[in-house]
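Comments concern the structure below.
What follows draws every value from the coordinates through simple rules; no lab data is involved. Owing to the predicted nature of the structure, the values given are computational and were not obtained by experimental measurement. Every residue, glycine as well, gets a Cβ built from its backbone with ideal geometry; the counts of neighbours run over all protein chains shown.
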Amino acid sequence: MRMRNQGYTAIAAACMLLTTPLAAKTISVPAGKDAQTRLQEALISAEPGDVVSLGEGRFTLTDGLSLDVAKVTVKGQGSGKSILDFTGQLGAGEGLLVTSDDVVLRDFAVENTKGDGIKSKGADRIVYYNLRVEWTAGPKETNGAYGVYPVESKDVLVDSVFVRGASDAGIYVGQSRNIVVRNSVAIENVAGIEIENSYDADVHDNLATRNTGGILVFDLPNLLQMGGRNVRIFENVVVDNMTPNFAPKGNIVASVPTGTGIMVMANRKVQIFDNMIGENGTANVMIVGYRFEQKDPKYDPLARDVAVWGNQHEKAGWDPKFAGGDMIAKALGGSLPPIFWDGAGGEANKPYIGDLVPVLNLNLADIAAQPDTAQPTIMPPWMTSVEELPPVTLPASMEAVVR
């Protein structure tokens, strides 16, 4: 019997050797000739735990890249040193597509993709850290839609990312949950930072400037995940978002008025506090419902349980870019107050406002009413006790990556 057990033990040990991955390794990919082939081969051949290390220099690429191996780190030498250059990209897809869990993307740049810069789909516990995604010719309708674009994921960290020139959103997180976006810069995009149809997000310590709209929190119909909620926007600087809207016609962000600081549309339990917001020609904070035609019976187009307090407001509202905005501003003496609410849902749906600035209530009759039918009134700030949402907590393994 003992001999037989020893035999089973030996067989089991052999099976473990076959199923246990070899020690993690670093796959070095220098810049230079045939970068497209060498880099894609490295991403395909990587095994869980491996690091794909990008050398210093410019990687000239003509097609998108993809990664579908879990627990891989793609690491460059810095966002100004390892540059994935898609200026000559032949297709219209993203620069890098990630579809696996526990991936870390860090310390490199992506330039001039025809489509999105970096997209991850269904990739849980993904980290975007110290990246730069840029369309180097500045704002253009023909630029890719999104800079960094995690979607349909749980546990998302975007930290120390710079994005410039996206024709939709620079930093976009959609249909996801448990999200942190921090320490990042969004400049000269249509939307600087956008949280869409997502649950449980903290957006803090970011700079959103010279976009069309600085920070957007949207919920849209006809998607797999709706009912976006529990979003905290705090300790950000959201200033001078006056870039004319350059989104392609038909995109939802094409309707965002130039000069929007922070905009909440059809979301629930959004808390905006301790930000510095100013020099936004339409408004520093907009709270509105979804006013476009839709037939999704499960969708609620109203913004509910929104709270705004403790923010520092600078100049706003001198050049409102929505239908009827110029007429309302003229009637109010030349400009709109820093905060406005469309009034949809009436008194029962009124947001909580604790900032010591005037608030414009458009008093729109219902969600289908357009801004040019508004009956505007100015209201003083009001706020009852609001229970602050709890902080978002990411897995310790994700936080360890960026320490």
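Longer than 30 Å from Cα to Cα, which of K154/K298; K25/K114; K269/K321; K33/K71 are they? Say none if no pair is. Beyond 30 Å: K25/K114. Relative intensity of the range 51-166 on a log10 scale, I(q)/I(0) at q = 0.22 Å⁻¹, equals -1.27, per a Debye sum over C-alpha point scatterers of equal strength in the absence of solvent. Oblate is the label for the range 246-331. Its Cα gyration tensor axes, ordered a ≥ b ≥ c, give a/c of at least 1.5 and b/c at or above a/b.
Applying the criteria of a DSSP loop state and at most 15 other Cβ atoms within 10 Å to the chymotrypsin sites (Phe, Trp or Tyr not before Pro) of the range 301-335 yields W318. Counted by Cβ distance under 12 Å from G192, the other residues give a net charge of -2, where Lys and Arg count +1 and Asp and Glu count -1. Radius of gyration over Kirkwood radius for the chain, both on Cα atoms: the Rg/Rh ratio is 1.06.
Largest GNM mean-square fluctuation across M286, M226, M327, computed for the chain with C-alpha springs under 10 Å, falls on M327.
The overall shape of the range 107-217 is prolate: from the C-alpha gyration tensor, with semi-axes ordered a ≥ b ≥ c, the ratio a/c is 1.5 or greater and a/b exceeds b/c. Summing Cβ point charges (Lys, Arg +1; Asp, Glu -1) relative to the Cα centre of the chain gives a dipole of roughly 860 debye. If you take all other residues with their beta carbon under 12 Å from the beta carbon of P257, and give Lys and Arg +1 and Asp and Glu -1, the sum is -1. Against the main long axis of the alpha-carbon atoms of the chain, helix 2-19 sits at an angle near 50°. For the peptides 193-205, 61-73, residues were scored by their other Cβ atoms within 10 Å and the scores averaged per peptide; the highest-first order is 193-205, 61-73. Neighbours of K154, meaning other residues whose beta-carbon lies under 12 angstrom from its beta-carbon, give a summed charge of -4 when Lys and Arg score +1 and Asp and Glu score -1.
Taken about its Cα centre, the range 109-175 carries a charge dipole of about 80 debye when Lys and Arg each add +1 at the Cβ and Asp and Glu each add -1 at the Cβ. By its C-alpha gyration tensor, with a ≥ b ≥ c as the square roots of the eigenvalues, how is the range 219-369 shaped: rounded for a/c under 1.5, else prolate for a/b larger than b/c, else oblate? Rounded. Between the Cα long axis of helix 35-45 and the first principal axis of the chain there is an angle of about 70°, rounded to the nearest 10. Convex hull of alpha carbon positions in the range 280-395: directionally averaged projected area 9.2 nm². If you bin all the Cα-Cα distances of the range 80-126 at 10 Å, starting from zero, the percentages per bin are 27, 47, 26, 0.
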